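One structure is given below, encoded as structure tokens.
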Amino acid sequence: MRRILLWMARNPTLRERLPRMRFVRRAVRRFMPGETVADAFRAADALIASGQGVLFTRLGENLTALSEADAVAAHYHAVIDAGRTRARPIEVSVKPTQLGLDIDAEATYRHCDALARHAAEAATWLWLDMESSPYVDPTIELYERLRADHENVGICLQAYLRRTAADLQRLLVIGPAVRLVKGAYDEPASIAYRRKADADASYQTLAVTLALAARDGRARLGLGTHDADLVRRIGTFAEAAGVPRAKLEVHMLYGIRAPELRRLQREGYPSHTLVAYGTAWYPWYMRRLAERPANVLFALRQVIP
Ligand code: FDA
């Protein structure tokens, strides 16, 4: 089921047709406050009032024209400006291919550099999402270049990739901010742990390494997962090693396990919600379905009035 859904996420014909179907549009609402940035800000204001941090991502990936990247960057600059008027500034999370990485890596760097500078002026952060495996090297290179000039930049690392332990050691040298996730793409066994237990074990080991670095002021750590039991296991390890809970941020996606995030927040884990919005939600939504096949039943139930 997971593989079929991830294939559907990549299929151009389905990408064109499915989003037009009303039941699909209805089902996606569960994961998005709406398609517009105004919808996202409405959700963000409520989350900020409840004491959470908020990250924004406008959905879209793999652009075909560089002019589209210019428009995406302009959008994020506007978000940073509007976000700084909130009680707590909005952090921004971008996909490098959304800023033209497939077309011109130098242009992507220039956009990210300008966004990071603007984010610093607004006392907030720029995060790089991690996409499928061919993008890992260019994304890490982009991150290292940005981190040389900016302290307020973070990168997402995927625990299911066998290479990530080595990537983390490489990045720890530069004092990274890391959002650690399990990984959302369909990667072969030669490069990724395909069994959930193996990916979870890798996640825990990487998280503990990052927690120790965070304790010593050498990293910022965001546990990007809805797996609250895993977060608590990492919390127990970290506590024994003298890591203050305030150093273990938990980042979840809007609409997924929100009550669990609030519970973790009450237990002392700084909590953040990543709010996604925009019209280009199809591949992103299919990856959310693939993470939990029960979501497919939820989507199908939308067909019944
Ligand atoms: P896991 O799949 O083990 O699930 C733990 C619990 O959460 C289960 O009870 C499960 O049912 C529930 N759950 C998980 N996903 C759900 C869903 N979609 N709907 C309903 N319930 C769900 N990936 C990537 O490759 N690059 C990236 O940049 C990012 N960015 C990112 C940011 C943030 C803030 C988060 C939380 C996640 C990502 N991801 C990501 C996605 C990530 O790689 C992973 O696919 C999902 O988080 C699902 O894995 P979990 O760690 O949540 O655990």
Hits in region 180-200 (condition: within 11 Å of the ligand (Cβ to nearest atom), in contact with a strand residue (DSSP E or B) (Cβ under 9 Å, 6 or more places away or on another chain) and aliphatic (A, V, I, L, M)): L180, V181, A184, A192, A199
Residue match in region 216-223 (condition: within 9 Å of the ligand (Cβ to nearest atom) and either in contact (Cβ under 8 Å) with a residue 40 or more places away in the chain or closer than 30 Å to Y76 by Cβ (or both)): yes
Answer residue from region 39-80, given it is of a type in the set (G, A, S) and surrounded by 19 or more Cβ atoms within 10 Å (Cβ to Cβ) and is modelled with the lowest pLDDT among those: G60
Near pairs, Cβ below 9 angstrom, 6+ apart or cross-chain, from region 249-274 (touching a residue at least 40 places away in the same chain (Cβ under 8 Å) and part of a loop (DSSP other than H, G, I, E, B)) to any residue that is basic (K, R) and buried (at least 17 other Cβ atoms within 10 Å of the Cβ): G255/R288; I256/R288; P270/K247
Odd one out for R3, checked against (1) at pLDDT below 90; (2) over 29 Å from R266 (Cα atoms); (3) surrounded by 15 or more Cβ atoms within 10 Å (Cβ to Cβ): (3)
Any hit, region 229-239, residues being crowded, with 21+ Cβ neighbours inside 10 Å, among the hydroxyl-bearing types (S, T, Y) and more than 10 Å from the ligand (Cβ to nearest atom): no
Test result for G83, in contact with a Ser or Thr (Cβ under 9 Å, 6 or more places away or on another chain) and either over 25 Å from A290 (Cβ atoms) or modelled with pLDDT of 95 or more (or both): yes
Residue list for region 199-246, restricted to those being among the β-branched types (V, I, T), part of a loop (DSSP other than H, G, I, E, B) and more than 23 Å from L55 (Cα to Cα): V243
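The values are calculated or read from the model by the stated rules, or taken from the named source; none is laboratory data. Here the structure is a predicted model, which means the values were calculated and not measured. Here Cβ is always computed from backbone atoms with ideal geometry, including for glycine, and neighbour counts include all displayed protein chains.
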